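The values are calculated or read from the model by the stated rules, or taken from the named source; none is laboratory data. As the structure is a computational prediction, the values presented were derived from the model and not from experiment. Cβ placement follows ideal geometry from the backbone for every residue including glycine, while neighbour counts extend to all protein chains displayed. Each accessible area value is taken on the protein alone, full model and side chains, heavy atoms only, with ligands, DNA and RNA left out. Shrake-Rupley method; radii C 1.70, N 1.55, O 1.52, S 1.80 Å.
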Amino acid sequence: MAGLRGRLPSLPFIIMASVDSHVLIIGAGMSGLGLAVQLLRHGYTNSFELIEKESDVGGTWLVNQYPGTGCDVASHFYSYSFELNPDWSQKFSLRSEIQAYFRGVAEKYGIVPHVRFQSTVESAKWIEEGQYWEVTIKNWKTKETYVRRAKIVVSGVGSLSIPRKCEIPGADDFKGHLFHSAKWDSSFDWKDKDVVVLGNGCSATQFVPIMAKDTRKLTQFARQAQFLAERPNPIYSTAFKSLMRYVPFAMRLYRLKLYADMERDFAGFDVENGGKIRKQLKEENERYVKRMAPERYWNSVIPTHEIGCKRKVMDTDYLSTLHRDNMELISDDSVTEITETGVRCKSGREVKADAIVRATGFEVFRMLFPMQIIGQNGVTLNEHWDTHHQGSAQAYFGTCIPGFPNFFTLMGPNTVTGHLSVIYTVECQINFVLRLVGPILKSMQNPGRGLMASRQTVEAVDVKAEVAAQHSTWLQAKLNKLVWASGCTSWALDPKTGVNIAMYPEYQFMFWLRSVFIPSNDFLYDVLDKKGGKHTYRSLTIGGWKGVQQFVSTAAVVAILAASVVGMRRPGGVEGIARSVESSMRGLLAQGRHLVGVK
């Protein structure tokens with residue numbers, strides 16, 4: 001049977017294996033840091049550690065240091081719900097302020113002493129006999145390689161952590177500076193230099209306006225136009241900050257407004273029913289672009305694909321930069337070769353460059369690369385995906401993979417949104433993980449108390465294989481009806497299989513619901529009788545009808561809010577809102593019945 005059943009012999013007098021850490025977290029960026037704080041807030045104060053490859057916390061906001069690095073989500077929402085910050089300087093903050101926020105959170109909650117910096121996880125192997133993970137770690141400062149044993153392993157590395165390699169011929173021959181935007185060469189002074197930029201996504205549109213002010217010539221190559229949206233970025237006044245700090249619930253209400261403004265965009269993602277919304281948004285976008293960009297570039301900056309298929313790019317003075325005499329955007333003549341002095345185009349044109357900056361994305365299709373994760377029966381994570389999903393990464397709730405007990409991925413497959421904040425998503429996943437591993441951690445911290453008393457301990461949890469397969473089928477069926485399947489080229493789609501490995505196909509309040517309503521029968525726990533050494537495999541209750549009632553009373557408010565947002569975007573006005581509320585509440589009650597086994 002799939003899951004845990006049948007994989008361990010019944011050996012007498014086996015007790016829970018001694019481990020070095022109850023929870024080992026890979027990465028001290030936004031995801032790993034958030035989980036560590038919540039472990040402390042839930043009373044798991046000591047036995048966890050974080051493995052971080054850099055010399056500080058912050059993840060992408062520490063590593064990415066290209067000029068103009070910033071966030072496209074308003075800072076009051078791009079922050080933890082448990083640690084609101086009234087002192088953001090502007091609506092969309094820059095890297096240094098965001099990094100300072102995460103560092104402040106780490107210091108406030110005492111996370112830093114738990115982090116092993118300048119270290120990477122090379123492999124993690126599930127040891128069935130002892131039911132723990134054997135994790136091989138390399139310290140890049142001391143060059144030491146060592147092993148830690150952890151009961152639970154959580155990956156918080158994300159999918160945008162490994163820059164794409166340069167695949168253009170001739171890269172090794174270039175005599176100037178050649179680097180990826182995520183690995184910015186701070187030694188390069190671009191003043192009065194010729195610069196070539198490859199790519200036109202979020203990163204490029206942030207640093208190009210800054211570089212273009214001082215370069216002799218900046219030539220940018222773009223393969224596909226992006227939807228560039230207007231982004232007013234007000235500076236917050238002292239009065240506004242005081243309002244956020246001292247007026248009860250003011251910051252919560254502001255966050256709620258920001259959430260509602262972003263969540264309503266999802267109504268346009270439905271291919272069949274969201275056409276009118278997309279048409280309106282596309283027309284608004286086209287009017288803005290034509291107002292801001294020179295006419296000679298309209299065909300290069302006004303996309304022909306469906307709006308929403310790619311996440312919109314915020315305009316940080318990029319369109320106005322196209323008016324500069326030293327700025328050239330090329331969208332109809334791709335780079336085929338890098339030479340010693342620049343690049344050669346398909347047409348034969350050569351462009352000289354002192355530096356080539358690649359804003360060409362990340363290795364999103366090689367999830368958890370280059371770590372080797374080895375689960376039950378010696379099966380690696382990649383082998384599992386090759387066998388069951390033709391090589392495309394898939395996970396139950398983007399978090400659990402069958403055959404890999406006590407292993408969880410934050411920002412895993414199909415957790416990204418095209419319209420909201422990844423911090424919201426990750427906090428939902430953290431809540432989900434803590435609910436699942438609660439019985440295990442309680443057994444370890446209080447072996448003589450609780451549900452299992454002193455005779456039994458909960459050692460592992462795994463999602464059922466058939467349930468994970470059903471989840472993947474449901475996920476892809478939903479995604480096939482949304483804008484990402486409309487035919488555009490998108491990093492969300494695996495180029496080999498066409499499977500959408502990135503996006504979640506519902507409103508984000510529904511993602512939150514799933515982190516609260518966890519169907520108990522979807523999981524098997526390994527429960528060990530310490531006296532007889534006998535393992536039993538069964539589902540444990542993760543909630544109950546009382547919890548369902550409490551949840552529904554709270555979630556009804558959220559459902560009405562979300563339904564209202566949807567209704568405002570749909571024809572029918574109040575009737576549309578009412579239908580959406582009814583549909584949402586039916587979904588809530590159905591999930592509640594499923595949770596407690598009521599048909």
Where N is the number of residues in the range 117-172, Cα Rg divided by 2.2 N^0.38 Å: 1.56
If you count, for each residue, the other Cβ atoms within 10 Å and average over each peptide, how do 212-219, 272-279 line up from highest to lowest? 212-219, 272-279
Just to confirm a number: summing +1 for Lys and Arg and -1 for Asp and Glu over residues other than Glu363 whose beta-carbon lies under 9 angstrom from that of Glu363, what do you get? +3
Could you list log10 I(q)/I(0) for the range 341-385 at q = 0.32, 0.34 Å⁻¹, which the Debye formula gives when each Cα is one point scatterer? -1.11, -1.16
With 19 Å as the cut-off, how large is the P(r) tail for the range 258-374, expressed as percent of Cα-Cα pairs? 66
In degrees, nearest 10, the alpha-carbon axis of helix 545-569 is tilted away from the dominant principal axis of the alpha carbons of the chain by 20
Would you calculate the separation in nanometres between label points at Lys534 and Asp333, each defined as 7 Å from the Cα along the Cα-to-beta-carbon direction? 7.9
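Please arrange Met510, Met327 by accessible surface area, largest first, computed with a 1.4 Å probe and ligands excluded.
Met510, Met327
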Compute all pairwise cysteine Cβ distances in the chain, then list the cysteines with no distance under 4.7 Å to another cysteine. Cys71, Cys166, Cys202, Cys345, Cys400, Cys428
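What's the local net charge at Arg252, with K and R +1, D and E -1, over the other residues with C-beta under 14 Å away?
Working: positive: Arg245, Arg255, Lys257; negative: Glu83.
Here the charged neighbours net out to +2.
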Describe numerically, in nm with one decimal, the distance between label points set 7 Å from Cα along Cα→Cβ at Glu283 and at Glu383. 5.7
Figure the gain on full extension for Lys141 and Leu256 (residue separation times 0.36 nm, minus the Cα-Cα span) and round it to one decimal in nm. 37.0 nm
For the chain, longest principal axis from Cα atoms; helix 275-292 axis from its Cα atoms; angle between them, nearest 10 degrees, is 40
Quick one: if the Förster radius is 25 Å, what FRET efficiency do Asn273 and Trp474 give, using the C-beta to C-beta distance and rounding to 0.05? 0.85
Accessible-area value, Phe82, 1.4 Å probe, nucleic acids and ligands omitted, Å²: 30
Can you tell me the orientation of helix 250-263 relative to the chain, as the angle in degrees between its alpha-carbon axis and the longest Cα principal axis, to the nearest 10? 70
Testing the spin-label approximation: label points 7 Å from Cα along Cα→Cβ at Ser18 and Asn299. State their distance in nm. 7.3
Measuring from centroid to centroid over Cα atoms, what is the spacing of the range 285-329 and the range 240-270 in Å? 28
Answer with a single label: of (i) 167; (ii) 151; (iii) 177, which was calculated as volume of the Cα convex hull per residue in Å³ from the structure in view? (i)
Along each of the three principal axes of the Cα atoms of the range 102-144, give the extent in whole Å, ordering the values from largest to smallest. 40, 25, 13
By the gyration tensor of its Cα atoms, with a ≥ b ≥ c the square roots of the eigenvalues, what is the shape of the range 244-327: rounded for a/c under 1.5, prolate for a/b over b/c, or oblate? oblate
The range 77-204 shape via C-alpha gyration tensor axes, a/c threshold 1.5: oblate
